[in-house]
1. Could you tell me which residue of the range 6-33 is surrounded by the most Cβ atoms within 10 Å (Cβ to Cβ), considering only residues that are part of a strand (DSSP E or B) and of a type in the set (Ser, Thr, Tyr)?
2. Report yes if Glu112 is outside the structural domain of Cys145 (by TED's automatic domain parsing), of a type outside the set (Phe, Trp, Tyr) and touching a Lys or Arg at 6+ places or on another chain (Cβ under 9 Å), otherwise no.
3. Is there a residue being surrounded by fewer than 16 Cβ atoms within 10 Å (Cβ to Cβ) and more than 20 Å from Asn89 (Cα to Cα) anywhere in the range 58-73?
4. Mind listing whichever residues of the range 47-80 are assigned to a strand (DSSP E or B) and polar (S, T, N, Q)?
5. Would you please name the residue that is surrounded by the most Cβ atoms within 10 Å (Cβ to Cβ), looking only at residues in the range 109-155 that are β-branched (Val, Ile, Thr) and modelled with pLDDT of 75 or more?
6. Looking only at the range 1-41, which residues are hydrophobic (A, V, I, L, M, F, W, C) and closer than 30 Å to Asp81 by Cβ?
7. Which condition number in (1) closer than 29 Å to Lys140 by Cβ; (2) surrounded by fewer than 18 Cβ atoms within 10 Å (Cβ to Cβ); (3) hydroxyl-bearing (Ser, Thr, Tyr) is the one that Tyr83 fails?
Amino acid sequence: MSGEGTYTFTNGNIVKGIFEENLFKNGKYYVINSFGKYTFTVENSEAKSIEIVLADGTTYSGPVSDGKLSGKAQIKYSNGDTYSGDIYNGTKSGQGTYTWSSGASYDGAWKEDKMSGSGNYYYPSSGTGYKLVGNFKNNKPDVQCEYYKSLYTSYITD
C-alpha cells in the first residue's frame with residue numbers, strides 16, 4: 001500500500017496518513033484502551049510527539065524520543081495539579097514548574113520526578129509566607145534556604 005489513507009486494526013487502533021511500500025511514514029496513530037486515549041504524531045516512521053488523555057482525566061502532551069516521553073511537556077493531573085517543563089525518560093527531570101491545585105508552586109530543577117537542585121517554592125496566597133528559595137533534594141529543602149515572608153522581609157533557614 002502506498003499513498004494517503006487510513007488503516008484500522010482489529011483491536012480498534014487507527015493509523016491515518018501517508019504510507020510508502022506498506023509502511024506508515026507520516027501522520028497520526030490513535031490508540032484507545034481502558035487506560036486512555038493516545039495520539040502519536042509520526043514522522044518518517046518514528047513517533048515524534050504524543051497526546052495522552054488517561055481514563056482518570058490526566059493529560060500529557062509532549063515529544064517522544066527513542067520511544068520514551070522526553071523533552072518539553074505539559075501535564076494536567078486529574079486533581080488539578082499541573083506541570084510544565086522537561087521530561088526525560090518519562091520522569092520530570094531538568095527545569096520545570098509544578099503548580100498544586102492549592103495554589104502553591106515550585107519552579108526549578110527536577111530529577112526523577114522529585115524537586116532536586118536550585119528552585120523557588122511559592123506558598124499559596126492564603127499561606128503565611130511568600131516563597132522559599134534555595135536547594136531542594138527529594139522534594140524537601142536541602143540545607144539552608146532563604147524564606148521570604150514578604151517582598152521586603154527574608155530569613156535564612158537552618
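The values are calculated or read from the model by the stated rules, or taken from the named source; none is laboratory data. Computed from a predicted model, the values in this text were never measured in an experiment. Ideal geometry is used to build each Cβ from the backbone, glycine not excepted, and the neighbour counts take in all protein chains shown.
1. To start, the set of residues in the range 6-33 that are part of a strand (DSSP E or B) comprises 6-8, 14-20, 23-33.
Still in the list and also of a type in the set (Ser, Thr, Tyr): 6-8, 29-30.
Details: Thr6: 12, Tyr7: 13, Thr8: 11, Tyr29: 18, Tyr30: 16.
Per the stated criteria, the residue is Tyr29.
2. Working: outside the structural domain of Cys145 (by TED's automatic domain parsing): no; of a type outside the set (Phe, Trp, Tyr): yes; touching a Lys or Arg at 6+ places or on another chain (Cβ under 9 Å): yes.
Considered against the rule, which asks whether it is outside the structural domain of Cys145 (by TED's automatic domain parsing), of a type outside the set (Phe, Trp, Tyr) and touching a Lys or Arg at 6+ places or on another chain (Cβ under 9 Å), Glu112 comes out as no.
3. no
4. Of the range 47-80, the ones assigned to a strand (DSSP E or B) are 47-54, 59-65, 68-69, 71-76.
Those that are assigned to a strand (DSSP E or B) and polar (S, T, N, Q): Ser49, Thr59, Ser61, Ser65, Gln74.
5. Per the stated criteria, the residue is Val133.
6. Initially, the range 1-41 is screened for residues hydrophobic (A, V, I, L, M, F, W, C), giving 1, 9, 14-15, 18-19, 23-24, 31-32, 35, 40.
Residues satisfying the conditions are Val31, Ile32, Phe35, Phe40.
7. If we test Tyr83 against (1) closer than 29 Å to Lys140 by Cβ; (2) surrounded by fewer than 18 Cβ atoms within 10 Å (Cβ to Cβ); (3) hydroxyl-bearing (Ser, Thr, Tyr), just (2) comes out false.
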